Amino acid sequence: MKHLLTVIACLFVLCGSMVAQPKATTLTVNPRASKRPQPRSVPVIQQSNIKPPSAVTRKPSNKSGNSNANVTYVYLEHAMQMLYNEVEMPDAQLLVDDVCFRHDDAFLYCDSAYFFQNDNSFIAYGHIRILQGDTLAIYGKSLTYSGNEKMARLRGDVRMVNRDVELITDSLNYDRQNDVGYYFNGGELHNNEDTLTSELGHYYPSSKTAIFTRNVVGRNKDMLMQSDTLRYNTETNLATILGPTTILYEDSTHIVTERGWYNTKTEQSMLLDNSSVKHDSGKYLIADTIFYDNKYGKGEGFGHVELRDTTRDMSLFGNYGYYIEKDEVGLVTDSALLIEYSSSDTLYLHADTLYTHLMKDSILVDSVMTDTTYKVVLAFPNVRLYRNDVQGVADSAFFNTQDSVLKLMKLPIIWSEARQITGDTIRLYSIDSIDYARIIGRAFLCEEVDSTMYNQLSGKEIVGYMRNDELEKVDVNGNAQCIFFPEEDGGGIIGMNTIESSYLRAYIIDEKLDKLVFYPAPSGSCLPLDMVASDRMYLANYSWHIEKKPLDKNDLYRPNSPKIVAGVADKEGSDDHTHHRTGGNVGENGKKTTRKAQKDEEAAAEIEAVKEKEKAKTNSNDEQRPSGFGFGSGSSFGSANGASSGLGGSLGGGFGGGSGTLRPMER
């Protein structure tokens with residue numbers, strides 16, 4: 001009976017100590033508590049070894065500095081066994097089997113624990129489980145918990161589960177006061193289809209936000225992301241990029257950036273610093289700021305935009321642009337520039353807007369129809385281009401990568417060396433260099449001799465053939481007219497020659513006229529300079545716009561000035577680059593013609609018909625150099641010394657200032 005009363009007294013004292021209100025204190029782990037309790041190995045404790053707690057309640061220390069008003073207390077809900085060992089652990093209660101603590105709205109479960117009631121803390125082992133509210137659960141092998149700090153330190157196979165989000169790590173500290181769990185030895189977060197890993201990480205369950213640093217890797221079934229620092233919202237699937245980051249889609253699309261955001265669900269991203277989007281097909285989108293939608297294959301760039309196509313050796317630049325992967329549609333504007341570097345000489349083309357897209361076609365290869373694709377580029381308006389061998393301006397341009405044709409439209413002008421070419425439409429055909437140029441509609445070629453004299457050539461169509469970047473041959477088809485100023489060997493100008501015929505071919509060697517061939521027989525005159533009236537020194541289509549010529553690639557952004565050389569044009573600011581005195585083009589019948597598309601088509605059809613007819617003539621060979629040139633019955637055209645205005649003598653001078661001969665075109 002005496003022993004029974006003693007046990008009952010001890011139980012009353014123990015219950016009193018459990019309900020005592022402790023003070024806040026910093027957790028101090030007794031070194032002797034570093035080992036997990038082994039309840040089954042504890043020897044039977046005799047009554048003489050048990051010292052009942054003092055009847056005076058001890059208040060916990062406040063080593064953490066927290067005010068008592070902010071401290072809540074840890075309560076033991078239940079345990080199968082409760083033991084004391086004054087020698088091994090005098091400040092702790094040993095709790096064994098089915099242990100449960102409660103702190104605020106959190107319940108903490110374990111197999112066994114040391115409960116430091118005065119410090120408001122405990123150390124738990126085995127099947128750790130923390131349940132907070134109805135959404136958050138944390139699991140681990142061991143736990144050190146401070147009620148004063150509201151800090152849970154879990155070690156060994158730790159899992160934090162918050163609805164669909166699971167955080168896995170080996171070591172986790174969970175700050176219940178600030179609702180953040182953080183790991184420092186590597187961790188992995190799973191959110192539906194997304195998985196993110198890093199060396200360091202913080203997860204905020206209430207805001208559903210995670211911050212990852214050092215060797216961050218994110219992946220799902222379509223995407224692999226590597227980053228230095230990343231913030232991720234598990235509810236919106238929005239990843240905020242805070243450091244150098246790469247994103248790879250199915251080994252086909254590669255994104256590089258240093259700042260921005262990316263939505264793993266919608267596959268949309270905003271890329272802000274040093275950003276680029278690259279496709280395995282060799283297409284790039286580079287800009288200061290990029291909005292990219294991978295699901296629909298659309299990208300939009302702002303500031304220093306570049307659309308690069310490495311497969312076709314072409315790049316588009318501007319301050320705004322967009323790209324659509326389907327049909328490879330691209331547009332740039334605001335200081336737009338095309339750089340085409342497929343040949344040995346780079347082409348630079350500027351316009352207000354550049355638009356490109358992919359074309360599909362079928363061609364016959366070895367008697368088999370084969371599908372092919374090629375790129376086209378539209379430039380408009382205010383086109384300016386520069387290449388070492390050719391420069392030009394126009395209102396609009398069209399470039400085709402299939403046959404490397406550059407088409408200049410609406411008031412086009414091109415320059416090659418000291419020559420200027422104008423027409424309604426100009427086409428430049430190029431592979432490695434300009435192979436030939438075709439000027440359609442009011443074609444005009446002009447070369448400056450001095451400030452008032454210009455060698456001139458005009459017709460319905462002019463085709464110039466190039467070799468090694470030098471003009472080799474010129475064909476004038478339809479209403480061929482020519483004015484040129486031959487020079488003596490000493491360099492003095494002899495006079496002015498004028499020639500008219502339906503068709504003309506000029507051969508040029510070393511940038512000098514070698515010979516002229518006409519069909520049918522030409523008509524014309526040769527006058528000394530003192531007999532030439534100033535109004536007869538220019539053909540009807542004459543114009544000279546050397547001030548518009550781009551000087552180099554950096555001169556492309558200068559606007560196409562409408563100003564014409566003083567004393568040559570009739571009015572400054574005219575919207576027609578020809579500025580001829582008659583007010584229109586002079587046809588073969590001496591009447592003015594218009595620039596209507598129907599007239600252009602008729603002229604082009606006529607030219608093609610003549611060409612086909614000439615090809616059918618097997619007894620002619622235009623490429624063969626004729627010998628013994630003559631005109632009429634042994635008479636030559638022009639005067640060698642400029643003294644005669646009639647027939648007789650030899651033709652002197654020509655384009656480039658050399659000597660030459662002429663004859664009717666062979667049929």
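The values are calculated or read from the model by the stated rules, or taken from the named source; none is laboratory data. These numbers come from a predicted model, not from an experiment. Using ideal geometry, Cβ is built from the backbone for each residue, glycine included, and neighbour counts are taken over all protein chains shown. The protein model used for the area step is the full one, side chains on, heavy atoms only, and it has no ligands, DNA or RNA in it. Shrake-Rupley method; radii C 1.70, N 1.55, O 1.52, S 1.80 Å.
Among Asp119, Asp134, the sequence by solvent-accessible area, most first, with a 1.4 Å probe is Asp134, Asp119.
Per 5 Å bin, what percent of the C-alpha pairs of segment 89-226 does each bin hold, from zero upward? Percent of Cα pairs in each bin: 2, 10, 20, 22, 18, 11, 8, 5, 2, 1, 0, 0.
Separation of the alpha carbons by more than 24 angstrom is noted, of Lys407/Lys515; Lys221/Lys360; Lys283/Lys326, for Lys407/Lys515; Lys221/Lys360.
What a 1.4 Å probe finds exposed on segment 210-353 is 48% carbon and sulfur by accessible area, rounded to a whole percent. Charge tally for Tyr249 (other residues, Cβ to Cβ under 12 Å; Lys, Arg +1; Asp, Glu -1): -3. Among Lys283, Lys221, Lys460, the order of accessible area from largest down is Lys221, Lys460, Lys283, computed with a 1.4 Å probe on protein heavy atoms.
Reachable aspartates and glutamates from Lys512, Cα under 16 Å, same-chain residues fewer than 8 places away excluded? Those aspartates and glutamates meeting the cut-off are Glu417, Glu447, Glu448, Asp469, Glu470, Glu472, Asp475, Glu487, Glu488, Asp489. By a 1.4 Å probe calculation restricted to protein chains, Glu472 has an accessible surface near 60 Å², given to the nearest 10. For Arg308, the shell of other residues with beta-carbons less than 13 Å away shows a net charge of -1, using +1 for Lys and Arg and -1 for Asp and Glu.
Tell me the net charge near Val158. Cut-off is 14 Å between Cβ atoms, Val158 excluded, with +1 for each Lys or Arg and -1 for each Asp or Glu. Once positives and negatives cancel, what remains is +1.
The order of Asp530, Asp313 by accessible area, most exposed first and with a 1.4 Å probe, is Asp530, Asp313. Accessible area of segment 499-557 with a 1.4 Å probe: how many percent of it is carbon plus sulfur? Carbon and sulfur atoms account for 50 percent of the accessible area of segment 499-557.
Quarter the surface of the alpha carbon convex hull of segment 188-245 and you get the mean projected area, 3.5 square nanometres.
Taking the centroid of alpha carbons for each part, segment 463-509 and segment 302-317 are 41 Å apart. By the rule of a C-alpha distance below 16 Å, with chain neighbours fewer than 8 residues away ignored, the aspartates and glutamates paired with Lys265 are Asp164, Glu193, Asp194, Asp222, Glu235, Glu250, Asp293. If ligands, DNA and RNA are left out, what is the accessible area of Glu487 with a 1.4 Å probe, given in Å² to the nearest 10? Approximately 60 Å² for this residue. Phe380 contributes an accessible area of around 90 Å² to the protein surface, as traced by a 1.4 Å probe with all chains present.
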